[in-house]
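No value in this document is a laboratory result; all are computed from the given coordinates. Keep in mind it's a predicted model, so treat the numbers as computed, not measured. Note that we place each Cβ from the backbone using ideal geometry, even for glycine, and neighbour counts take in every protein chain shown.
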Amino acid sequence: ATPTSVMVGTGRGAELGVLFRKGEALQTLKDTKVVAFDKTGTLTQGHPELTDMTVAEGFEREEVLRLAAAVEARSEHPIARAIVAAVGNTVLPDVSAFESVTGGGVRASVEGRTVAVGADRYMRDLGLDVAAFASQAVHLGELGRTPLYVALDGRLTAILAVADALRPTTVATITHLHAMGLRTAMVTGDNAHTASAIARQAGIDTVVAEVLPAGKVEAIRKLKVADGLLAYVGDGINDAPALAEADVGMAMGSGTDIAMEAADVVLMSGNPETVCTAIALSRAVIANIR
Ligand code: ADP
Ligand code: MG
């Protein structure tokens with residue numbers, strides 16, 4: 001492409017809500033074969049809500065939720081915000097010895113008790129057996145909800161679930177990308193059952209679930225080998241390495257500054273449908289100058 005056509009394309013992109021941080025991206029995007037998405041905050045709204053809670057025999061729901069929320073008040077994860085929101089105006093006790101494990105969960109000391117909240121693999125790392133709630137967890141996952149566990153003093157105490165709705169334009173975005181001849185993928189740290197259910201709702205081709213941030217990079221590498229030139233769309237701090245690894249990294253304007261800095265393209269509206277706009281623009285600009 002000529003410098004002039006890139007300039008014109010970049011200007012047109014800005015009008016359409018697509019900010020090209022690198023002129024190169026405008027030229028590369030037209031050759032995209034697969035678009036991979038982060039789940040939380042990209043395909044979904046990123047504002048999960050608590051939908052389910054079952055406590056083990058001998059425990060009280062309100063009390064377990066209050067302790068879990070006290071620990072989660074220290075975390076910035078969207079799941080943490082859902083749990084804190086669920087206790088409303090309840091005053092939460094102070095916590096100490098707070099610990100957060102990426103892709104796992106959180107733990108702290110509250111009122112003299114050790115309280116842990118997180119995914120099944122986090123509970124297993126803490127030496128706890130989640131078998132008692134396993135079938136319920138699968139069921140919740142199949143509904144597209146994320147199952148979480150609470151442990152009190154080393155005893156599995158409750159299973160909860162949070163649900164994060166798809167963005168209103170997600171299904172149309174995926175349909176549109178397929179109509180443009182592209183493949184689609186989703187890469188997430190979330191539970192495999194949950195991820196598959198959400199991917200099915202969205203119409204996405206390939207799912208990679210239960211990956212840590214480094215695993216996202218590995219997943220991107222494999223998808224590039226399998227499908228060819230890859231664009232990755234994400235919003236979180238965790239997505240920065242994957243955005244850098246992709247042939248074209250695209251950050252949601254509604255996301256974190258760190259994601260935007262790692263990206264080649266910023267989708268200003270935070271609407272995933274702008275991905276189609278960006279690719280179509282690249283195709284049009286390059287076609288025009290041939
Ligand atoms: P993603 O951004 O793709 O959702 P994360 O790596 O942030 O992935 O999280 C993966 C999983 O780790 C979550 O689905 C959840 O089960 C667990 N997890 C992470 N942080 C927390 C937290 N603060 N409280 C409870 N669970 C958590
Ligand atoms: Mg995200």
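If you average the alpha carbon positions of the stretch 160-222 and of the stretch 115-145, how far apart do those two centres end up, in angstrom? Centre-to-centre distance over Cα atoms comes out at 21 Å. Using a ≥ b ≥ c from the Cα gyration tensor of the stretch 193-278 (square roots of the eigenvalues), is it rounded, prolate or oblate, where a/c under 1.5 gives rounded and otherwise the larger of a/b and b/c decides, a/b for prolate? Because its axes are fairly even, with a/c under 1.5, the stretch 193-278 counts as rounded. Where does the Debye-calculated log10 I(q)/I(0) of the stretch 116-220 sit at q = 0.23, 0.24 Å⁻¹, using only Cα point scatterers of equal weight, no solvent? The calculated log intensity ratios at q = 0.23, 0.24 Å⁻¹ are -1.20, -1.26.
Binning the C-alpha pair distances of the stretch 49-163 at 5 Å intervals from 0 yields a P(r) profile of 2, 13, 26, 27, 22, 8, 2, 0 %, listed from the shortest bin outward.
The magnitude of the dipole of the chain, with charges of +1 and -1 set on the Cβ of Lys/Arg and Asp/Glu and taken from the Cα centre, is near 1000 debye.
When the alpha carbon gyration tensor of the stretch 186-233 is reduced to an equivalent ellipsoid, the three semi-axes, largest first, read 18, 14, 7 Å. Full extension of the segment from Val8 to Ala214, taken as 0.36 nm per residue of separation minus the current Cα-Cα distance, would add 70.5 nm. Volume per residue of the convex hull around the Cα atoms, evaluated for the stretch 131-177, comes out as 89 Å³. From Cα pairs below 8 angstrom and at least 6 apart in sequence, can you work out the relative contact order of the stretch 1-121, rounded to a whole percent? Over the stretch 1-121, the number comes to 16 percent.
Annotation: peptides 81-89, 252-260, ranked by per-residue average of other Cβ atoms within 10 Å with the highest first, follow the order 252-260, 81-89.
Result for the chain in a Gaussian network model with C-alpha springs under 10 Å: among Gly127, Gly236, Gly13, the largest mean-square fluctuation is at Gly127. Here each label is just a point 7 Å from Cα along the line to Cβ, and for Glu261 and Ala284 those points are 3.3 nm apart.
Looking at the chain alone, DSSP beta bridges between its own residues are antiparallel in about 65 percent of cases.
For the chain, what's the relative contact order in percent, using C-alpha pairs closer than 8 Å and at least 6 residues apart? Relative contact order of the chain: 25 percent. Among Met180, Met123, Met250, Met53, the ranking by other beta carbons within 10 Å of each residue's beta carbon, starting with the fewest, stands as Met180, Met53, Met123, Met250. Summary value for the stretch 74-181: 18 percent relative contact order, contacts being C-alpha pairs under 8 angstrom separated by 6+ residues.
Relative to its residue count, the chain spans a Cα convex hull of 122 Å³ per residue.
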